[in-house]
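Notes follow once the structure below has been shown.
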Amino acid sequence: MAASITVHSVLDKISKDHLECPICTNRFINPTMLDCLHSFCFTCLKELHQQDPNNSILLCPLCRKKTTLEDNKVESLPKDFKLNALVDEFTVQEQLMEGHGSEVKCQACERDHMAVSRCIDCDNFICQECQQAHQHFAILKSHQIYALAQLQSGVVTYRSKIREYIPKCGKHSDQTLNIYCNTCQKLECTTCTVLDHGNPKHDLIGIPEALDKCKQEVAELVAKAEKCKVDIQTAMEQASESRKKLESSYAETNMKISQKAAKERAKITEEEKQLKQEAESVYKDRVQTFETAEATNTKEVTQVEHKLGEVNQFMTQASSHEIMDFKLKLINNLDELTKKQGEIVSDRFSFLEFEEGERSVGRLVLEDEQQAKAEAQAKEHETIHTKQEWKLKESVSKIGNTIFKLAKSVAAFSDNEIVVLDTTHNALFSLKPQLAADKSQSTHCLQRLKVTGLTKPTALTVDNNDHLYVIDNREVKVFNRKYMLHHQFQLSGRKLSPSCLAVDENNLIAVGYSQGLISLYNPDGSLIRTFSTPVNVEYCTLYNERIIFNSRTDDPDLHLVDYQGGKVFSVDIFQSEESYGLCCDKDGCIFVAQFNETTENNRIWQYSPDGKYIGCVIEDCGYAFDITFTPSGNLVVAAKTSVNIFQVVSRYSKTSHCNMLK
């Protein structure tokens with residue numbers, strides 16, 4: 001009886017934790033996995049997609065994470081073979097348990113005989129006669145057969161054949177996927193590696209070696225996620241300690257208030273009451289702050305623990321092929337965990353004091369006034385960014401008989417030479433500064449560049465080593481100062497459309513995509529990370545390890561994130577205008593070009609580094625597809641049919657020693 005109860009309890013737990021579809025709440029049928037590693041019945045996902053059949057994005061019903069369907073088909077999603085195997089094993093065990101009270105019928109013949117054993121190779125319950133037939137036929141003698149009693153008692157554990165599944169190639173059905181391409185990050189068969197991956201740039205390795213590397217990479221990210229969990233727990237402990245200090249100081253404050261009030265209770269009863277009410281109000285507000293932080297951190301820790309459990313279960317139960325097939329999803333899920341941060345409550349919220357008064361009970365002291373005074377003095381010296389005024393210095397629209405048709409991207413070298421990309425001409429142009437005839441001002445000499453190796457350039461930028469970076473189809477090509485190809489690298493994501501790129505002071509490269517993603521690369525072209533953005537990325541720039549970007553197609557708002565994809569702030573921009581090119585000056589002020597369809601005005605707006613609106617600095621800048629600053633401080637606008645160069649004509653004091661920020 002005890003053994004039976006134990007088996008029943010184990011099976012019941014397996015069924016609840018692993019075998020019930022969260023959508024239909026029935027046992028899984030053909031379990032299918034989303035990018036977030038959550039699985040559902042294939043039919044359930046099919047019905048979910050039918051609610052919005054034109055949308056190629058599926059939202060996970062559990063975590064709301066997006067999964068993109070290839071060719072807008074649910075059939076493109078991978079099957080969860082480990083879960084399918086678990087359902088199969090559970091079903092067999094269930095049949096065995098039912099056999100205690102009723103007969104298990106033979107599945108190999110039509111004589112309706114009671115089964116006495118199970119053939120592992122045939123995957124059937126068999127009767128006594130079928131078991132004897134196995135012994136008589138040479139082709140069946142090698143089959144593994146176990147008595148029902150062995151399976152029911154647990155002496156022999158049934159293991160589903162599904163666990164031994166090795167996927168076949170979609171193109172060559174007679175071949176298994178036995179090679180992993182590190183370059184494409186895909187499992188391939190031998191024929192595909194010869195036909196599609198013969199290029200020396202493709203890094204091909206065997207499954208065991210690829211599995212070892214994958215496990216190492218997953219282990220490293222698991223360690224980082226565990227560290228994030230520890231950091232969040234540390235924040236919770238710090239908040240708990242601060243709250244204890246608050247509790248103690250609150251109790252001591254109440255005691256001091258009561259002691260003072262007792263001396264003059266007759267005339268100051270009302271003041272005592274008011275002070276206690278004020279102290280209670282402050283106390284409750286701050287307790288709410290601590291409780292909110294605690295709830296947030298508890299939720300984050302729970303989510304991290306849950307996701308780590310799912311990953312550990314997957315790595316333990318899945319086959320090597322399945323692990324490699326889901327490598328990218330595993331890495332993306334773990335990478336998200338490493339970005340989580342605990343909500344830290346400042347220790348100043350634990351500060352609460354009572355100061356006795358000479359003619360009254362006294363007053364509440366809510367913060368360390370000496371520290372607050374020092375912070376206020378420091379604020380007096382903060383930088384104030386003010387609006388600048390600009391005027392058109394020069395406009396260039398053609399070279400000889402060649403007229404700009406779509407000047408879409410612009411950048412500047414350290415010697416103030418400007419390079420322009422015209423996507424209609426599919427060519428690069430150079431504007432070199434030179435002294436004008438009257439010797440009083442500089443102008444620019446325009447010439448078409450002969451740059452080999454470009455087929456379809458779409459965006460460009462320049463780093464602090466005067467290297468020119470150009471997006472060309474699905475590659476980033478890097479040219480030296482003489483426009484000779486220095487090196488190049490392939491962009492990740494086969495179906496992504498790169499729209500813009502930028503380089504920071506450390507030559508890290510950010511590439512934006514029209515599908516709402518940003519990828520960060522090392523100078524050698526190796527991928528650091530890719531993360532999602534709230535809007536499609538049309539234009540971007542980098543400043544102080546921050547990525548600033550906007551979208552012309554989604555909404556005109558300005559967004560700023562850190563290099564891990566964490567939101568820093570968003571700026572609401574005039575909804576009646578479309579956002580185009582953007583850049584930062586040397587002080588971090590943000591300049592955004594916008595077009596008003598109603599008034600047909602093209603203007604450039606200035607914002608402070610923290611996103612505060614400063615003002616419109618140029619009223620008519622041309623159709624500004626891209627803007628940039630030259631080292632000399634001129635603002636260059638790629639304005640479709642011309643390149644316009646503006647110079648600042650007035651600049652206000654940027655530093656104030658008064659209390660303007662208070």
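For the reader, a short list of remarks on this structure follows.
- When residues of segment 463-485 are limited to those that are among the basic types (Lys, Arg) and more than 31 Å from the chain's Cα centre (by Cα), the one least open to solvent (accessible area, probe 1.4 Å): ARG481
- Test: residue in segment 220-235 that is aliphatic (A, V, I, L, M), assigned to a helix (DSSP H, G or I) and more than 30 Å from MET315 (Cβ to Cβ): no
- Subset of segment 155-171 (residues that are in contact (Cβ under 8 Å) with a residue 12 or more places away in the chain and farther than 30 Å from THR193 by Cα): TYR158, ARG159, SER160
- Yes/no for THR253 being under 30 Å from SER350 (Cβ atoms), at pLDDT 90 or above, among the polar types (S, T, N, Q) and in contact with a helix residue (DSSP H, G or I) (Cβ under 7 Å, 6 or more places away or on another chain): yes
- Meets criteria (at pLDDT 90 or above, part of a helix (DSSP H, G or I), of a type outside the set (D, E, K, R) and open to solvent by less than 40 Å² (accessible area, probe 1.4 Å)) for LEU275: no
- One residue alone among SER497, SER532 is at pLDDT below 95, surrounded by fewer than 19 Cβ atoms within 10 Å (Cβ to Cβ) and more than 13 Å from the chain's Cα centre (by Cα), and that residue is SER497.
- Residue list for segment 619-650, restricted to those being more than 24 Å from ILE547 (Cα to Cα) and of a type in the set (A, V, I, L, M): VAL643, ILE645, VAL648, VAL649
- Set side by side, the residues LEU406, LEU454 differ, and just one is closer than 27 Å to GLN606 by Cα, at pLDDT 90 or above and under 35 Å from the mean Cα position of the chain (by Cα), which is LEU406.
- Qualifying residues in segment 200-219 (those that are in a helix (DSSP H, G or I) and open to solvent by less than 40 Å² (accessible area, probe 1.4 Å)) - the one nearest to VAL311 (Cα to Cα): VAL218
- Sole residue being at pLDDT below 85, aliphatic (A, V, I, L, M) and open to solvent by less than 50 Å² (accessible area, probe 1.4 Å), chosen from LEU337, LEU352: LEU337
- Elements of type strands (runs of 3 or more DSSP E) in segment 34-87, at least 1 residues being hydroxyl-bearing (Ser, Thr, Tyr) and under 20 Å from LEU328 (Cβ atoms): 39-41, 66-68
- Near pairs, Cβ below 9 angstrom, 6+ apart or cross-chain, from segment 255-275 (within 14 Å of GLU355 (Cβ to Cβ)) to any residue that is outside any helix (DSSP H, G or I) and open to solvent by 50 Å² or more (accessible area, probe 1.4 Å): LYS256/GLU353; LYS256/GLU356; LYS260/GLU356; LEU275/ARG363
- Conditions (1) surrounded by fewer than 20 Cβ atoms within 10 Å (Cβ to Cβ); (2) assigned to a strand (DSSP E or B); (3) not basic (Lys, Arg): number failed by LEU460: (1)
- With a requirement of 2 or more residues that are under 26 Å from the mean Cα position of the chain (by Cα), under 18 Å from LEU392 (Cβ atoms) and modelled with pLDDT of 85 or more, the strands (runs of 3 or more DSSP E) lying completely within segment 560-655 that satisfy it span 577-584.
- Residues that are charged (D, E, K, R) and crowded, with 18+ Cβ neighbours inside 10 Å, drawn from segment 24-78: ASP35
The values are calculated or read from the model by the stated rules, or taken from the named source; none is laboratory data. Keep in mind the model is a prediction, meaning the values are calculated, not measured. Quick reminder, even Gly has a Cβ in these numbers, built from the backbone with ideal geometry, and neighbours come from all protein chains shown. Keep in mind that these areas ignore ligands, DNA and RNA; they rest on the heavy atoms of the full protein, side chains included. Shrake-Rupley method; radii C 1.70, N 1.55, O 1.52, S 1.80 Å.
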